[in-house]
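Everything below concerns the one structure shown next.
The values are calculated or read from the model by the stated rules, or taken from the named source; none is laboratory data. Being a predicted model, the structure only gives us computed values, none of them experimental. Heads up, the Cβs are rebuilt from the backbone with ideal geometry, glycines too, and the neighbour counts pull from every protein chain shown. Side chains included, ligands, DNA and RNA excluded: accessible areas come from the protein's heavy atoms. Shrake-Rupley method; radii C 1.70, N 1.55, O 1.52, S 1.80 Å.
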Amino acid sequence: MSLAFPSDLLQQVESGTLSPGDALRVYRERLQSAEVHPGNREVRSTRTGATAVHSPSRGAAGLPAGTAEEAEERARQVAAIEAELQSLVGLNGVKRTVREIAAMARVQELRRQHGLHAESMTLHMVFTGHPGTGKTTVARILGRLLHALGLLARGHLVEVERADLVGEYIGHTAQRTRDAIQRALGGVLFIDEAYSLARGGEKDFGKEAIDCLVKGAEDHRQELMVILAGYPGEMEWFLMQNPGLRSRFPVRVHFPDFTAGELGRIAAQMLQQRQYRLSPEAVLYLRERLAHNTGRFRAEAGNARAVRNVVERALRCQALRLLGRPQPTREELMLVSRADLEEAFRLCAR
Amino acid sequence: MHGRGDSVREGLLIGAPGAGKTAVLDALRRWSQAGRGHPIRHRRGQRAATSLLPVHRLREHRPEEGNTPSSELVLPVGGYRHLRIWEVPGLAEAPLPEQPLRRQQSRALALLVGSALILHVVDANRVGEIGVEGLTDTDRHLAAVGLRRGPGYALLAAKLDRPWAHRGVRLLEEWFRPPVLLPVSAHTGLGVRGILTFLRHPR
């Protein structure tokens, strides 16, 4: 079976919201799906490749009712955002949880359409994991996904930390926390290192921020997703500090440290994004370094962020190396050598 | 140029960045019995030193045409039939910052379905040397889409003159079992004749 390449994917590739690789993957999935359920699909195709694939029997992907065009547009957005999530290296458990949430939202909407009782969803979550494991990235994607699914009005992300919420005098904290909630309405309020709110002791204004957050999260549970994020151990302790926190933040998502292999793939992806590639010797060297120095990159060391620092340093080392040559070729401009990588590791270790 | 009534089919030279597409296109031009004609240009404006093109045509698309940077090579494939081979920028696994390049990639994806032939270029040396990591996810998806379509898809195992390439060819054969696998060295010309045969008589 041959489908013209979907125009929505082509547009997203052109606008830079979807990589060609992801577009191919989504296209491949749609081909498979069209083969499995040929009766459910209608394929419009033109000579230029403009295509629309939709199910004629119901609204696109079970999304909130609107015009057919709106539903189709939403389905396109959902597919693109899901593809973006899938393109993240590793995080299989996280991806699974996000898929569950998205599936739940769709099914509840379908139940509503069939006159069945539909559960109202509490979106608030706790993200645990070390730095650089993708918590903020996934929060941003999740906000957009829930917006595309019609659960959040805007889907934007407001990222705050203790200093943004806790004030300096009585009444100041409540005002700042309420302001943060107001800014995040319709989207995601992401509180990084949330446990630090409870660290100042009994007289600290952090407690006031927590109380205000709990109330705001409850009052706006249909309009806002609050994500409390931080290290796993500290977050467990934090959730014990306020009896309302556990029940109001029912979804827990753990972001594990990346394995050496995943860190290698992240490095390769970062390089490819910038139109660079590693020489085979550099690939072997990177693999070796990551396998033998996993601790340097995982846990508190920064995971993907630590790898990004090495990659960026290696690019600067490559630039320095090429500067001495009169006319570097296209291949040379793309290639990061083992020596560049060795130098980058050495400099980053300082 | 083509006369009235000529039939022109589209072929697509596609693959990940750095796979060797430009070199393969250049080799096709050099080895397809090109005689005297117009000097041609490489992609990105580099002038090819001694290349001449009489009946074939290689054209660089300029930014003002909204199609930069890609190249097309038109080959006669028998009678009045011609094949226009498009070489497009490598399909990276992440969106590129430059809009014209993204437009070309989008166009390449559209052509992926509409083209009569797809030449999927993979760096066999890289695959041979580092194994499965030498393939990008884009390569895997491209191969899956190409193999699903059946006739008209060929996997080109490029850089055959490099030390690990033969192992790479074996691995590609083992992983994908493509109906048409064409090992090629753009540098020595080994395998170019096989590609030209495939272009004239695709299967």
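Annotation: A:Met104 carries an accessible surface of approximately 80 Å², with a 1.4 Å probe and no ligand, DNA or RNA atoms counted.
With θ taken as phi - 60° and the Karplus curve 6.51 cos²θ - 1.76 cosθ + 1.60 applied, the whole-hertz 3J(HN,Hα) list for region A:319-325 is 4, 5, 5, 6, 4, x, 9 Hz, x standing for glycine and proline. Scanning residues 5 or more positions from B:Gly152 or on other chains, those with amide H under 5 Å from its amide H are B:Arg203, with H placed 1.01 Å from N in the peptide plane.
Counting only lysines at least 8 places from A:Lys135 when in the same chain, those with an alpha carbon closer than 19 Å to its own are A:Lys95.
The distance between label points at A:Arg308 and A:Asn242 comes to 2.9 nm (points 7 Å beyond Cα on the Cα→Cβ vector). Taking θ as phi - 60° and the Karplus parameters 6.51, -1.76 and 1.60, the scalar couplings of region B:116-133 work out to 6, 9, 10, 10, 8, 9, 10, 6, 5, 5, 5, 4, x, 7, 10, x, 4, 5 Hz in sequence order, x denoting glycine and proline. Legend: mean number of C-beta atoms from other chains within 10 angstrom of residue C-beta atoms, peptide A:23-29, equals 6. Taking amide H as placed 1.01 Å from N in the peptide plane, the amide H of A:Arg252 sits under 5 Å from that of A:Val126, each at least 5 places away or on another chain. If you sort A:Tyr231, A:Tyr285 by accessible surface, 1.4 Å probe, largest first, the order is A:Tyr231, A:Tyr285. Peptide B:123-135 shows a mean partner chain C-beta count of 3 within 10 Å per residue C-beta.
Per-residue Karplus couplings for region A:170-176, computed as 6.51 cos²θ - 1.76 cosθ + 1.60 with θ equal to phi - 60°, are listed in order as 4, x, 5, 5, 4, 4, 5 Hz, Gly and Pro entered as x. When you filter the GluC sites (Glu not before Pro) in region A:133-212 for DSSP loop state and at most 12 other Cβ atoms inside 10 Å of their Cβ, you are left with A:Glu168, A:Glu202. The listed residues B:Trp164, B:Trp86, once ranked by accessible area (1.4 Å probe) with the largest placed first, stand as B:Trp164, B:Trp86. Given a 1.4 Å probe and the protein chains as shown, A:Tyr276 ends up with an accessible area of around 60 Å².
Under 5 Å between amide hydrogens, built in the peptide plane, is the criterion, and for B:Leu12 it picks out B:Trp86, B:Leu117, B:Ile118, B:Leu119 among residues at least 5 positions away or on other chains. Using a probe of 1.4 Å on the protein chains alone, the accessible area found for B:Ser32 is around 0 Å².
Interface size, chains A and B: roughly 3300 Å² of accessible area buried, both sides included, 1.4 Å probe, rounded to the nearest 100.
When A:Lys207, A:Lys215 are compared by accessible area at a 1.4 angstrom probe, the order from most to least is A:Lys215, A:Lys207.
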